[in-house]
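Input: a single structure, listed below in structure tokens.
The values are calculated or read from the model by the stated rules, or taken from the named source; none is laboratory data. Computed from a predicted model, the values in this text were never measured in an experiment. Ideal geometry is used to build each Cβ from the backbone, glycine not excepted, and the neighbour counts take in all protein chains shown.
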Amino acid sequence: MGMNLPKVLELVLNGGRCLVTGDLVWDDVQDMDPAHFQGEQGLENLVGLIRGFWAKGGMELSLNMLDEETLRQAQGNPDEFQHIMVRVFGLSARFVCLSRELQEVIIDRTVAAGRAG
């Protein structure tokens with residue numbers, strides 16, 4: 001199933017946002033399946049998404065490109081994956097510092113986001 005980049009952009013611009021002094025600010029990190037951005041076509045997709053966001057008036061963009069495999073590796077080797085940050089209740093947190101239960105919630109969310117893409 002292909003990713004509908006214009007639809008994603010519209011959701012971003014019309015959904016997860018707040019107005020700060022009249023400027024559009026995306027106030028949430030968006031989880032995206034990295035499979036959509038692999039290879040030459042994937043790079044074009046990513047560039048198109050970012051350029052489209054700016055062209056529509058976007059001011060701040062945070063994309064989180066993680067997959068289940070990477071998060072599972074982080075669970076097994078936390079010392080090697082200290083750099084992975086995820087959004088939890090509107091805040092950023094190191095994935096490997098979260099409880100196992102909350103890590104599973106993040107993984108489930110990531111898998112669901114990949115299916116929806």
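Brief remarks follow.
- The single condition from (1) touching a residue at least 12 places away in the same chain (Cβ under 8 Å); (2) touching a helix residue (DSSP H, G or I) at 6+ places or on another chain (Cβ under 9 Å); (3) closer than 25 Å to Leu43 by Cβ that Gln75 fails is (3).
- Residue within segment 84-97 that is modelled with pLDDT of 90 or more, out of contact with any Leu (no Cβ under 9 Å at 6 or more places or on another chain), among the hydrophobic types (A, V, I, L, M, F, W, C) and not assigned by TED's automatic domain parsing to the domain that holds Pro34 present: yes
- Residue match in segment 48-61 (condition: modelled with pLDDT of 85 or more and buried (at least 16 other Cβ atoms within 10 Å of the Cβ)): no
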